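Laboratory data are not the source of any read-out in this text; all were calculated from the coordinates shown. In this text the structure is predicted, and so the values were computed from the model without any measurement. Cβ coordinates were reconstructed from backbone atoms using ideal geometry, including for glycine residues, and neighbour counts include every protein chain displayed.
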Amino acid sequence: MTQEVALYRIPMKGPGDMTGLKALLDSGAHAAADVVAVLGKTEGNGGVNDFTREYAAHTVAQTLAPYLDCGVDDVERRVALVMSGGTEGVLSPHLSVFIRARGDAAN
């Protein structure tokens, strides 16, 4: 038995921009229940005072909560949320959304 995982890279205008994530969930291509992890790169400085990581993770959880019919705390326990700051000059802010595919895949 194998498992397939879909990966979507979604650009962000800032740590609170969830328009791309909402569009993916609203498209019906995948069920929100199949989201297993969201990794993000925020435009913060990446230092210890970088609030954008926590803000982005919380905003992702707030966005997923109504799709999953649960609270934000439940989302944070259910979905791995990993954010990294420090896009200054090299990277653009984005989310990488990992989604478990339904059913078995053939080898």
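What the phi angles of region 41-46 give under the Karplus curve with 6.51, -1.76 and 1.60, with θ = phi - 60°, is a coupling list of 10, 9, 8, x, 7, x Hz, glycine and proline written as x. Comparing Ala31, Ala23, Ala61 in a Gaussian network model of the chain (Cα springs below 10 Å), the most mobile by mean-square fluctuation is Ala23. Rg and Dmax, both from the Cα atoms of the chain and both in Å, are 14.2, 47. Applying a DSSP loop filter and a limit of 13 other Cβ atoms within 10 Å to the chymotrypsin sites (Phe, Trp or Tyr not before Pro) in region 1-101 leaves Phe51.
Here the calculated FRET efficiency for Val82 and Gln3, from their Cβ-Cβ distance with R0 = 25 Å, stands at 0.80, rounded to the nearest 0.05. For the chain, what does -39500 (n - 2.57) per DSSP helix run (n ≥ 4), summed and divided by total residues, give at 222 nm, in deg cm²/dmol to the nearest 500? Calculated at 222 nm, the ellipticity per residue is -9000 deg cm²/dmol.
For GluC sites (Glu not before Pro), the sites in region 1-79 that DSSP calls loop and that have at most 15 other Cβ atoms within 10 Å are Glu4. Maximal additional length on extending the Asn49-Asp69 stretch stands at 3.9 nm, based on 0.36 nm per residue less the C-alpha distance.
Within the listed set Leu68, Leu81, Leu91, the Gaussian network model of the chain (springs between alpha-carbon atoms below 10 Å) gives the highest mean-square fluctuation for Leu91.
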